[in-house]
Amino acid sequence: MTPIQSEQKKPGIRKERASKARPHATPIYQTSVYDYPDLESLDDFYEGRMPGSFLYSRNGLPNSKELGELVAGYEETDGGLVCSSGMGAITIAILSSLKAGDRIAASSDLYGGTTSLLKDELPRFQIYTSFADSTSPEEVERAVHNGAKMIMVETISNPTMRVCDIQEIAEIAHRHHSTLLVDNTFATPFILKPVRLGADVVMHSGTKYLGGHDDLTIGLLCGASDWIARAGQFCTRSGVIAGPFDCWLAARSLLTWELRVRQSSLNALKLARYLESRKDRISNVYYPGLDSHPQHGIAKRIFPDGLYGGMLSFDLKDGAPGASRFVRALETITLTPSLGGVHTAVSHPGKTSHRNLSREEKNRIGITDAMIRVSVGIENYDSIEQEFTKALVLS
Ligand SMILES: *Cc1c(COP(=O)(O)O)cnc(C)c1O
């Protein structure tokens, strides 16, 4: 028999961490489970006597906890929960707090994925949704009147950039003992903090501005700690969690979140004004920072810093063929059906996010075949305008 080696030298067994000094940047805790020295410490963990400890990844992991706390800080809520994607976060929000027979009142121009979930999946569980124009408080009131337990709206809607009066909707929600969930993906807390206006829960697709580099998929819920604790329990039980690396990437992206949103908002306002001046080629520009936007007054009041976000849309005068030629004429700006990245990108709502809507539904929301949506990036503004000008000439 070979002599027994000291524990330290046994291949494959690590006793020491790489560094005893505190790392400046948070390490990626790429582990699915944690070791416990004895049975008593397991009792300590389960009885809550070991705060800050972890056991198994689905129950919580350090990078996810850090990210949730950081985003909750920006949104000024006590609790924050990270989910596998924006849709994961919406699913958790609904299924952790509603039951069969409960109703939802939702904006009629929510993100396409959210609308599909509400319309095509949840009715199988007897959760039904009434849709309303969220810019009309009377319509929202009517939709809530049938006893809706939750109201869902977006701060800035896609793709026509409508802005609803969150304060007024929060009042309606609370009069009816309903929870107001605001999808703050397009605006981010640097434009608007929905809880300051009375929202109960704030949701983010962290895949967009929060991540900001088109390289991760994540979702977040921010709200009161008891509501978040219940949502977190359901997240663990259903397994809609995000892995350590995406959480780490997202937390790293938070370091520049505000700078990116500020720069893309400033660029977007300039680009919106430029496109509006091109009446020769463009019939409509949709951007809440423009005087011509139907809810500019509301936006000015509830977006206190004069920033209106980095998303805009416009209609080309020469219809679907014009849109096709315009996209082809772009050189460095890509056709990319997502948003919130550092690079300016365009998409075509009619062919992507709203592809499954009927012509009538598209007409009702105001989506044309000539509509281009722009996620304005953080590049030098002049280079963006030059490329748009050139594409208008070539198309
Ligand atoms: C992308 C998006 C979602 C869904 O988020 P995923 O991370 O893609 O699941 C929800 N709401 C809005 C406004 C979005 O833009």
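The values are calculated or read from the model by the stated rules, or taken from the named source; none is laboratory data. Remember, it's a predicted structure, so these values are computed and weren't measured experimentally. No Cβ is skipped: glycine too gets one built from the backbone with ideal geometry, and neighbour counts run over all protein chains shown. Protein only, heavy atoms only, side chains kept; ligands, DNA and RNA dropped before computing areas. Shrake-Rupley method; radii C 1.70, N 1.55, O 1.52, S 1.80 Å.
Here are a few things to note about the model shown:
- Using the empirical formula 2.2 N^0.38 Å as the baseline, the Cα radius of gyration of the chain reaches a ratio of 1.10.
- Of A391, P294, L269, farthest towards positive along the dipole that unit charges on Lys, Arg, Asp, Glu beta carbons give the range 256-394: P294
- For the range 39-252, the share of DSSP beta bridges that are antiparallel, to the nearest 5, is 35%.
- Of the two radii for the range 39-252, the radius of gyration is 0.98 times the Kirkwood radius, both from the alpha carbons; that is the Rg over Rh value.
- FRET efficiency estimate (nearest 0.05) - Cβ-Cβ, H213 to A329, R0 45 angstrom: 0.95
- Computing FRET efficiency as 1/(1 + (r/R0)^6) for V393 and T352, where r is the C-beta to C-beta distance and R0 is 22 Å, gives about 0.30.
- The alpha-carbon atoms of the range 306-385, seen along their principal axes, cover 39, 29, 20 angstrom, with the largest extent given first.
- Probe 1.4 Å, accessible area per residue of the chain, Å²: 48 Å²
- Simple label model, 7 Å out from Cα along Cβ direction - Y36 to D226, nm: 2.9 nm
- Gyration tensor (alpha-carbon) shape descriptor, the range 86-165, a/c threshold 1.5: oblate
- The slack in the chain from D318 to F125, taken as 0.36 nm per residue of separation less the alpha-carbon distance, amounts to 65.0 nm.
- The fraction of accessible area contributed by carbon and sulfur in the chain is 52 percent, rounded to a whole number (1.4 Å probe; ligands and nucleic acids excluded).
- Stretch gain in nm, segment R278-E47, where the contour uses 0.36 nm per residue and the Cα spacing is subtracted: 76.6 nm
- Residue of E47, E138, E121 that the Gaussian network model of the chain assigns the largest fluctuation, springs spanning Cα pairs under 10 Å: E47
- Greater than 26 Å apart at Cα, pairs in K99/K351; K279/K351; K65/K193; K65/K208; K119/K351; K193/K279: K99/K351; K193/K279
- Residue of G68, G198, G79 that the Gaussian network model of the chain assigns the largest fluctuation, springs spanning Cα pairs under 10 Å: G198
- Trypsin sites (Lys or Arg not before Pro) restricted to the range 62-152 and DSSP loop, no more than 12 other C-beta within 10 Å: K99
- Rounded to the nearest 20 debye, dipole of the chain from Cβ charges on Lys, Arg, Asp, Glu: 740 debye
- Model label points for A18 and E69, set 7 angstrom from Cα along the Cα-to-Cβ axis, are 2.2 nm apart.
- Spin-label zone in the range 300-321 - amide nitrogen under 14 Å from a point set 7 Å from the Cα of E76 along the C-beta vector: 302-305
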